[in-house]
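Report on the structure given below.
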Amino acid sequence: MKFSIIIPFKGNGFNEKYLENCVDSLNQQTLSDFEVIFLHNNSADLVNLINDRGLKVNHVKMNDSDSLSDYRNSGINKARGEYVIFLDADDYLHPNALTYAQEMINENKGYCNVFKFGITKTNLDKTSTLNKSKRAFFEGDSFTKLESVLNNADIDVKQDTIKQIINGMFEKKLINHKYNNIRPSKYLKNLNYSFRVHSFIFKREFLIDNHLYFKSTNNLYSDIPFLIEIYNKTESINQTATKLYYKYIHNDSINDPSLTQEQHDDRLLKRVSALNEALKYCYDMKLARQLKLSAINYYLYKVVKSNIFVDSYVETRKIYTELNSILNKPSAALDLSKRHKYEINAIKKGKLKKAYAISKTRVLGYKAYQFSKPKNQRFRQKKIQKNIFTKLPIKNDTILYESFLGKNYSDSPKKIFKYLIENDNRDWKHVWILNNKEIIENEEEFKNKNVKIIKRFGWKYFYYVTISKYFVLNMRQPKWLYKKDDQVILSTWHGTPLKRLVFDMENVTSANKNYKKDFYNQSRNWNYLIAANKYSEEIFESAFMYPKENILTYGYPRNDILTNHTKSYKNMVKEKLGLPSSKKVILYAPTWRDDEFHSAGNYKFKLQLDLDLLREELGNEYVIALRMHYFISDNMDLTGFESFAYDFSKYNDINDLYIVSDVLITDYSSVFFDYAILKKPILFYTYDLDKYKNMLRGFYIDVNKDLPGPLLLSNNEVLDSIKNIDKVNENFKEKYEDFYNKYCYLEDGSASKRIINTVIK
Ligand code: C2G
């Protein structure tokens with residue numbers, strides 16, 4: 001037996017999806033010479049899941065009182081493989097991981113006892129991660145993929161030929177691949193992964209002969225002493241940079257934190273004591289120096305920034321005691337910089353109060369330096385907000401508004417503002433966050449002397465977000481924004497959800513791994529959240545984990561105008577937009593794709609509508625208004641389509657486009673929930689439905705059954721539907737009515753009034 005995979009699972013509840021990823025990744029290994037040892041407390045669910053997925057496993061029953069170290073040690077003892085690998089039950093391996101491992105070991109010819117895979121963090125499940133990887137096609141389940149491609153293309157190629165080609169590609173890669181031998185003391189410089197046991201491959205005999213077990217009872221960092229003892233007994237580690245171990249970062253650290261994400265007040269202390277414990281096993285003086293430096297750096301840059309350090313000498317003292325013991329253990333000479341010598345020596349000599357005082361002064365000095373650096377404007381603003389602006393009294397007459405992060409003058413914040421200006425005679429001071437003043441140049445309401453415009457993240461922004469009584473916004477406020485208790489944040493949100501949101505999303509393809517946690521914390525600061533209908537209310541409860549009692553299910557203020565507008569308003573807007581009065585208008589308003597972006601927040605969009613075809617076939621009767629989502633940063637080139645296609649992506653208010661148009665084409669955007677209020681035809685151009693539905697987001701409603709219009713997959717289908725729009729209306733009459741009754745029933749034109757009566761007192 002070549003490999004033993006040791007999987008410890010401590011605890012009772014488990015996330016099925018994570019475990020499935022792990023188990024499947026073992027089922028899909030291209031090398032079969034391995035056994036799996038699963039250590040757990042005999043959970044029947046867990047055993048069933050593994051059996052259901054057809055993985056052969058040696059189950060080892062552990063007790064609740066056993067530590068993680070006990071689990072892993074039992075794994076080492078039960079293992080029969082020549083090499084052992086520790087895999088966490090929520091992580092997974094690349095399908096070729098073991099094949100690579102074998103290759104590395106063979107090439108190394110017995111020189112090393114310890115090997116290591118490249119490791120990568122991912123917050124996506126296995127399929128999505130592998131799909132994202134450029135190499136995926138040639139690796140792992142590539143064969144089946146290639147086979148299905150060829151089958152679909154109806155090309156007659158023998159299976160063996162395909163297999164040969166793939167193997168050829170695979171082998172070439174292996175041969176070209178370089179492995180490095182690295183000395184442990186050098187190795188330790190990369191601290192991130194050299195302290196975690198994942199992704200290492202150990203020769204079992206080497207562990208047993210040298211009695212290398214997990215000896216620490218430290219529940220968070222037992223890996224550290226274990227690995228140090230190993231580093232100490234090994235000449236070099238053979239590693240590949242190829243990322244074959246996938247460390248799964250839980251997206252939902254609120255409901256389902258991993259060990260690293262769990263809140264532990266004593267985390268810093270545990271880490272330092274693990275380093276101290278590790279030094280006990282460290283005979284190599286250079287390695288010991290490296291360990292000490294790592295502890296010193298941890299103190300200098302991490303501990304002093306923690307709340308524990310800022311708030312309490314007594315708590316910090318516990319960390320000092322460990323550090324003192326570390327610094328007094330033997331090692332090669334430390335060469336500390338002058339700046340830090342004084343501070344570290346005080347700890348070493350046990351003058352802990354003195355060390356605390358010096359460190360405090362250093363931190364203050366550092367903060368003052370940060371504060372004065374010209375490029376650190378944001379840092380200064382945050383500090384001044386927190387320490388000065390919050391001391392000022394709240395202004396009860398001031399209302400702050402923001403729509404789509406200051407990019408637009410639109411959506412519900414606009415309608416609430418307009419309603420107050422036109423109907424409320426109290427003496428409000430209105431402040432709008434708008435990055436570009438030009439967009440409101442022609443808006444009458446901004447001529448009012450009580451209306452002020454400020455820039456997002458300018459100094460005035462920090463002032464007004466702290467002293468305004470009300471803050472009305474349709475997305476999230478920055479996570480570092482400090483909110484006072486007597487301020488009221490009204491979140492209008494920006495649409496009835498179709499795509500799954502936050503806690504209802506399995507994968508978060510586009511956002512960072514803290515997305516769910518950040519969203520949770522930010523939304524705790526909203527006093528109210530508006531829902532357009534009961535359906536949205538229920539989703540917000542689960543997707544945002546937002547308390548039901550603070551949800552105002554009143555209809556959307558932004559949609560009042562869809563009910564209240566007049567014919568002359570429609571004509572006026574059409575003229576203002578420069579659209580020919582003699583032609584009907586098709587509005588195309590698609591959403592953004594999580595996986596198509598230039599950089600964070602800048603999304604791409606490739607127009608899939610065939611404008612040539614549409615102009616050719618419909619140009620006499622229609623023009624087309626194109627409206628990209630506000631995340632899309634690409635500009636559209638409509639040269640050659642003048643007088644037929646118009647780009648209104650930068651136009652403030654999509655409601656005007658709804659009003660002037662005669663038919664809407666969209667995809668997975670929430671725009672159709674609003675458009676349906678107008679009872680005009682809606683077409684869904686969903687050319688990438690499968691990808692969107694399965695890989696990216698998933699939907700709340702059954703798009704095959706419950707939409708108020710047809711799903712169209714090609715330009716010809718779109719064209720056909722527009723040509724036969726009366727027939728489409730007829731076919732969807734009933735569905736449209738059901739849809740209207742379920743989602744638009746509250747939109748009576750008075751939502752703004754209801755909201756203001758409740759919130760703005
Ligand atoms: N929007 C727009 N133009 C588009 C698409 C959207 O002006 N081409 C505006 C609409 O007001 C829409 C809102 O942005 O209601 C939200 O857009 P979505 O496409 O639904 O996408 P997203 O921003 O991800 O919103 O719960 C709301 C949605 O589920 C999430």
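The values are calculated or read from the model by the stated rules, or taken from the named source; none is laboratory data. Computed from a prediction, not measured in an experiment: that's the story for all the values here. All Cβ positions, glycine included, derive from the backbone under ideal geometry; neighbour counts span all protein chains shown. Only protein heavy atoms, including side chains, enter the accessible area calculation; ligands, DNA and RNA are left aside. Shrake-Rupley method; radii C 1.70, N 1.55, O 1.52, S 1.80 Å.
Among the residues of the stretch 486-509, is there at least one that is open to solvent by 10 Å² or more (accessible area, probe 1.4 Å), in a helix (DSSP H, G or I), in contact with a helix residue (DSSP H, G or I) (Cβ under 8 Å, 6 or more places away or on another chain) and within 16 Å of the ligand (Cβ to nearest atom)?
Checking the stretch 486-509: at least one residue is open to solvent by 10 Å² or more (accessible area, probe 1.4 Å), in a helix (DSSP H, G or I), in contact with a helix residue (DSSP H, G or I) (Cβ under 8 Å, 6 or more places away or on another chain) and within 16 Å of the ligand (Cβ to nearest atom).
Considering only residues of the stretch 538-585 that are of a type in the set (Phe, Trp, Tyr) and in a helix (DSSP H, G or I), which is farthest from the ligand (Cβ to nearest atom)?
Ranking the candidates gives Tyr569 first.
Given the options Phe462, Phe471, name the one that is surrounded by 15 or more Cβ atoms within 10 Å (Cβ to Cβ), aromatic (Phe, Trp, Tyr) and under 21 Å from Ser752 (Cα atoms).
Exactly one residue qualifies, and that residue is Phe471.
Go over the candidates Glu445, Glu422 one by one and state the one that is in the same structural domain as Ile530 (by TED's automatic domain parsing), open to solvent by less than 50 Å² (accessible area, probe 1.4 Å) and of a type in the set (Asp, Glu).
Every option except Glu445 fails the conditions.
Here's a check for you: in the stretch 375-420, which residue that is hydroxyl-bearing (Ser, Thr, Tyr) and away from the ligand (no atom under 16 Å from the Cβ) is farthest from Gln487 (Cα to Cα)?
Tyr419
In this structure, does Ile388 turn out to be over 30 Å from Lys215 (Cβ atoms) and of a type outside the set (Asp, Glu)?
Criteria met by Ile388.
Find the residue count for the stretch 472-496, including only residues that are under 18 Å from the mean Cα position of the chain (by Cα) and under 30 Å from Asp667 (Cα atoms).
4
For the structure I just gave you, tell me whether Ile701 is surrounded by fewer than 22 Cβ atoms within 10 Å (Cβ to Cβ), hydrophobic (A, V, I, L, M, F, W, C) and either under 28 Å from the mean Cα position of the chain (by Cα) or not in a loop (DSSP other than H, G, I, E, B) (or both).
yes
Restricting to the stretch 710-724, name every residue that is surrounded by fewer than 17 Cβ atoms within 10 Å (Cβ to Cβ) and either in contact with a Gly (Cβ under 8 Å, 6 or more places away or on another chain) or part of a helix (DSSP H, G or I) (or both).
The answer is Asn716, Glu717, Asp720, Lys723.
Which one of these does Lys452 not meet: (1) within 15 Å of the ligand (Cβ to nearest atom); (2) open to solvent by 30 Å² or more (accessible area, probe 1.4 Å); (3) assigned to a strand (DSSP E or B)?
The one condition Lys452 does not meet is (1).
Has the stretch 607-614 got at least one residue that is touching a Gly at 6+ places or on another chain (Cβ under 9 Å) and surrounded by 15 or more Cβ atoms within 10 Å (Cβ to Cβ)?
Scanning the stretch 607-614, I find at least one residue that is touching a Gly at 6+ places or on another chain (Cβ under 9 Å) and surrounded by 15 or more Cβ atoms within 10 Å (Cβ to Cβ), so the answer is yes.
For the stretch 586-599, name all the residues that are within 14 Å of the ligand (Cβ to nearest atom) and touching a residue at least 12 places away in the same chain (Cβ under 8 Å).
Ile586, Leu587, Tyr588, Ala589, Pro590, Thr591, Trp592, Arg593, Asp594, Asp595, Phe597
If I filter the stretch 288-305 for residues that are under 26 Å from the mean Cα position of the chain (by Cα), farther than 20 Å from Leu352 by Cβ, of a type in the set (S, T, N, Q) and open to solvent by 20 Å² or more (accessible area, probe 1.4 Å), do I get at least one hit?
no
Take Lys483 and tell me if it is buried (at least 18 other Cβ atoms within 10 Å of the Cβ) and away from the ligand (no atom under 13 Å from the Cβ).
yes
Can you tell me which residues in the stretch 403-416 are in contact with a strand residue (DSSP E or B) (Cβ under 7 Å, 6 or more places away or on another chain), outside any loop (DSSP other than H, G, I, E, B) and surrounded by fewer than 23 Cβ atoms within 10 Å (Cβ to Cβ)?
Within the stretch 403-416, Gly406 is the sole residue that qualifies.
Going by what's in this entry, would Glu35 be described as in contact (Cβ under 8 Å) with a residue 12 or more places away in the chain, assigned to a strand (DSSP E or B) and acidic (Asp, Glu)?
yes
Part of a helix (DSSP H, G or I), more than 16 Å from the ligand (Cβ to nearest atom) and on the phi < 0 side of the Ramachandran plot - does that describe any residue in the stretch 510-517?
Scanning the stretch 510-517 turns up at least one residue that is part of a helix (DSSP H, G or I), more than 16 Å from the ligand (Cβ to nearest atom) and on the phi < 0 side of the Ramachandran plot.
Given the stretch 600-680, what helices (runs of 4 or more DSSP H) lie entirely inside it while holding 2 or more residues that are in contact with a Leu (Cβ under 7 Å, 6 or more places away or on another chain) and within 13 Å of the ligand (Cβ to nearest atom)?
Qualifying helices (runs of 4 or more DSSP H): 654-660, 671-675.
Which residue pairs have Cβ atoms closer than 6 Å, lie 6 or more positions apart in sequence or on different chains, and pair a first residue in the stretch 242-271 that is touching a residue at least 40 places away in the same chain (Cβ under 8 Å) with a second residue that is in a strand (DSSP E or B) and not β-branched (Val, Ile, Thr)?
That search, which allows pairs on different chains as well, returns Thr242/Gly118; Lys243/Gly118; Leu244/Phe117; Tyr245/Phe117; Tyr246/Tyr92; Lys247/Lys121; Ile249/Lys121.
Go over the candidates Glu549, Glu575 one by one and state the one that is outside the structural domain of Thr466 (by TED's automatic domain parsing) and among the acidic types (Asp, Glu).
Answer to the check: Glu575.
Quick check: anything in the stretch 419-438 closer than 21 Å to Leu529 by Cα and either touching a residue at least 60 places away in the same chain (Cβ under 8 Å) or out of contact with any Phe, Trp or Tyr (no Cβ under 7 Å at 6 or more places or on another chain) (or both)?
Checked against the condition, which is being closer than 21 Å to Leu529 by Cα and either touching a residue at least 60 places away in the same chain (Cβ under 8 Å) or out of contact with any Phe, Trp or Tyr (no Cβ under 7 Å at 6 or more places or on another chain) (or both), the stretch 419-438 yields at least one hit.
Kindly indicate which of Asn192, Asn255, Asn210 is at pLDDT below 90 and under 29 Å from Ala101 (Cα atoms).
None of the others qualify; the one that does is Asn192.
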